[in-house]
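Take a look at the structure below.
The values are calculated or read from the model by the stated rules, or taken from the named source; none is laboratory data. Quick caveat, the model's predicted, so the values are computed rather than measured. Note that each Cβ is placed from the backbone with ideal geometry, even for glycine, and that neighbours are counted across all protein chains shown.
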Amino acid sequence: MYRIFLVARRDFLAAIRSKPFLIGLVVAPLLFGSGFIALAVNKAKPDIAERRIALLDRTGLAASQVIAAAAEKNSRQMFDKLTGRQLTPRYILDTVPVAAGDPDVQRLALSARVRRHELFAFLEIGRDVLDAPPPPAGTEKIPPSTRVDYYSNAGGIDETRDWLSGPLNDGLRRARLARLGVDPARFTTLLAPASVQSMSLLSRDPRTGEIRAAHKRSEVEIAIPFILMMMLAMMVLMSAGPMLGAVADDKQQRVFEMLLASTSPFELMMGKVAAAVALTLVGSVFYWVAAVFALQSFAMLGLAPWGLLPWFFIYLVADMLVVCSLGIAVGSACASPNDAQHLAMIVMGPTLIPLLLLMPIMQAPQGAFATVFSLLPPFTPLVMIMRQALPGGVPAWQPWAGLTGVLVWTAAVTWAAARIFRIGILVQGKTAKLSEMLQWAIRG
Amino acid sequence: MDAIQLRNVTKTFGGAAAVDDVSLSVPEGAVYGFIGPNGSGKTTTMRMIVNIIYPDRGAISVFGDPPSVRSGIGYLPEERGLYRRMAVRPLLEFHAELRGGRRITAEINSWLERLDLAHCATHRLETLSKGMSQKVQFIAAVVPQPRLLILDEPLTGLDPVSADSIRSAILDLRRRGTTVILSTHDMHAAERMCDSIFMIFRGRKVLDGSLESIQRQFGDDTIRVDAEDGAAVLAALPHVEKVRDHGRIQEVRIARHADPQEVLQALAARTRVSSFAIVKPSLEDIFVRIAGPEAADPLASQSSAAAASAQAAAGARHV
């Protein structure tokens, strides 16, 4: 045990004083949060260039109502009410007279205008849109005369289409109401949407018996499960990646053989793993403290998931033991740090796969897929912590069942990794194949 | 008590025997030379003694117990490697604490002074020359003073002054009770420093005993000659099997049972002879006889060699 401590202390002190660790501590959150940062930058400096949309109205009745609805939305949303700063582009809808002859000729001409950037897009309202009953759910083929077609050259997520959806449907409803003889002055009231507010569930205080009121869910609260999962993944990946290369580098520098006269391969490996775990814990505490300060400064400290803190650290340590043991084993079987990079996916896989499957898990966290996935030991730490943090949480037995699996998995991986490490560190000049590593793990 | 005992130890890699049924006893307090060509099994044998790899068959004991990290073995591997970004003193303290379980600053300071490294105690390894790094690694192997010290090519790459200081340090350690295994390709160093020699060839033990007994085993068939046109003339003489030309002098191996007087007479008849001496074969000569390209297969002729060995002085074993 004392030798494990000595190896861990050396590795920990060497790493914590190194520039890569300190830089990584700052850079990693920026990398992992780059999507949020980009969104924030986009929000701070939005694209407010004017967007002109042609409106080809085959009903002959809807265009003016749609244009009026769009103008209302522009005036309602375009500017920040407090600062007066423009937040969204001005959407300008212009009616285009329906040309006689082949409709495709006119569509082609409008398409050419979009390509020349004279227009952003054009809308074609089908002739029978105002009269047609809504199509049954799941209908794939809606006749052109009863639908609205949106033509544009925009790729990816087209926010203009989303923006137009509201005023377009508003306009169509207004046109229908106008045909029924409703006073246009009542349109706004009749068509006013109701705001849907996301609220937490009510609960009863087990001590006092009082009913705890529901509270409005904020965006931060909804983001917490995602943030917890990303934080765990980030901490693991930050340590496991460098670990792989560092072991391969130490092997290339031939530092292990002399150490093995004084310490067993298992002690050496566990010392390295312990150092990595300690480094990660330091990083995690740093981020938690930073998160608490950030929440406090926005008066949102109550949103911090304190109840999940022990689980976070238990899963973090277990995941680190698995990933670092694997990293050390694979690194020891490589001839050089370059070779180690090629095999990094083996080590990173269990951490990356849950990130790729984030959406289906978040959409149905109580579903069979998410439940089974969170009980598979390699994925339990990341997936279970996220499910636990989501509103509704998980049944009480699941985290414990997951933890049991994780502990068994950790013991098995560490044991196999130690066997691979013992042989791998003495093999020079060639990188072992996966089949060889497997043989070393089985036969020792 | 023997410091090391190997009993019928075998280690194979991928079906090939790196060490094949080797038995060996190293008495406590001795300097035991391990010699053999590259790839003969020296390093594998030493790694098994240090417990880095395990034998497939046979048994090893160090001071009567199976080898373990608690055996307190100082080990300097042939492949040099230390943490390059560590400073010298913390690195030595780390190695010392790892093996000895305690900090031993005074002993480390003394070694740094002795090997002229005190001025770079705070320098990182990566800033030191190769020779200096090698001396640091030697110190890492000997602090705290081990009962058993295994040195794989400790003198390779060192300048004569540094090599001499390491040689003297090894002998000092022996005087203070440390048993030393010294693997080397420097046959002169082995002759001068080692109490006994163990030679391994193609995984099998081929020599084991004191230098004198080994030399006796190989007989008085070596003549050292200083003569005009020595090499050319000597090669043509009857009974001469091999001539090693060292420039001014030549070393001649004559046929077993040949009379050196006959060789001298034949030589004197052909050229002027300044000196002619019957000498014991050098370790280098013995090494070449066993492992050189012109050598008869020592493993194939084990039985005849063993018979010769039996007639040699006690303690010498040419297996």
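Odds and ends about this structure:
- Enumerated helices (runs of 4 or more DSSP H) restricted to the range A:351-444, each holding at least 2 residues that are closer than 25 Å to residue A:305 by Cβ and more than 22 Å from the chain's Cα centre (by Cα): A:397-424
- If you go through the range B:202-222 and keep only what is assigned to a strand (DSSP E or B) and either crowded, with 21+ Cβ neighbours inside 10 Å or without any contact (Cβ under 8 Å) to a residue 24 or more places away in the chain (or both), you end up with B:205, B:206, B:207, B:208, B:209, B:222.
- Residue that is nearest to residue B:125 (Cα to Cα), among those in the range B:56-69 that are of a type in the set (A, V, I, L, M) and more than 10 Å from chain A (Cβ to nearest Cβ): B:62
- Considering the range B:28-50, the residues that are in a loop (DSSP other than H, G, I, E, B) and crowded, with 21+ Cβ neighbours inside 10 Å include one that is nearest to the other protein chains (Cβ to nearest Cβ), namely B:41.
- Test for residue B:131: is it in contact (Cβ under 8 Å) with a residue 12 or more places away in the chain and in contact with a Ser or Thr (Cβ under 8 Å, 6 or more places away or on another chain): yes
- Pairs are defined by a Cβ separation below 6 Å, a sequence spacing of at least 6 or placement on different chains, a first member in the range A:10-31 that is closer than 29 Å to residue B:97 by Cβ and within 11 Å of another protein chain (Cβ to nearest Cβ), and a second member that is in a helix (DSSP H, G or I) and hydrophobic (A, V, I, L, M, F, W, C); the pairs so defined are A:10/B:94; A:11/A:275; A:15/A:21; A:15/A:279.
- Pair list, Cβ under 9 Å, 6 or more apart: the range A:411-429 residue more than 16 Å from residue A:267 (Cβ to Cβ) and more than 14 Å from chain B (Cβ to nearest Cβ), other residue buried (at least 19 other Cβ atoms within 10 Å of the Cβ) and of a type in the set (S, T, N, Q): A:413/A:325; A:416/A:325
- Every residue from the range B:99-135 that is surrounded by 13 or more Cβ atoms within 10 Å (Cβ to Cβ) and touching a strand residue (DSSP E or B) at 6+ places or on another chain (Cβ under 8 Å): B:99, B:121, B:123, B:124, B:125
- When residues of the range A:210-266 are limited to those that are of a type in the set (Phe, Trp, Tyr) and surrounded by fewer than 22 Cβ atoms within 10 Å (Cβ to Cβ), the one nearest to the other protein chains (Cβ to nearest Cβ): A:266
- Hits in the range B:70-86 (condition: surrounded by fewer than 20 Cβ atoms within 10 Å (Cβ to Cβ), at the interface with another protein chain (Cβ under 9 Å from one of its Cβ atoms) and under 27 Å from the mean Cα position of the chain (by Cα)): B:72, B:78, B:79, B:81
- Residue that is within 14 Å of chain A (Cβ to nearest Cβ) and touching a residue at least 24 places away in the same chain (Cβ under 8 Å), where the choices are B:89, B:103: B:89
- Given (1) outside any loop (DSSP other than H, G, I, E, B); (2) in contact (Cβ under 8 Å) with a residue 40 or more places away in the chain; (3) aliphatic (A, V, I, L, M), number of the condition residue B:82 does not satisfy: (1)
- Output for the range B:85-128, where each listed residue is modelled with pLDDT under 85 and within 21 Å of residue A:268 (Cα to Cα): B:99, B:100, B:101, B:102, B:103
- Considering the range B:136-178, and only residues there that are assigned to a helix (DSSP H, G or I) and within 14 Å of chain A (Cβ to nearest Cβ), the residue that is surrounded by the fewest Cβ atoms within 10 Å (Cβ to Cβ) turns out to be B:137.
- Condition broken by residue A:287, with the remaining ones in (1) within 14 Å of chain B (Cβ to nearest Cβ); (2) part of a helix (DSSP H, G or I); (3) hydroxyl-bearing (Ser, Thr, Tyr) satisfied: (1)
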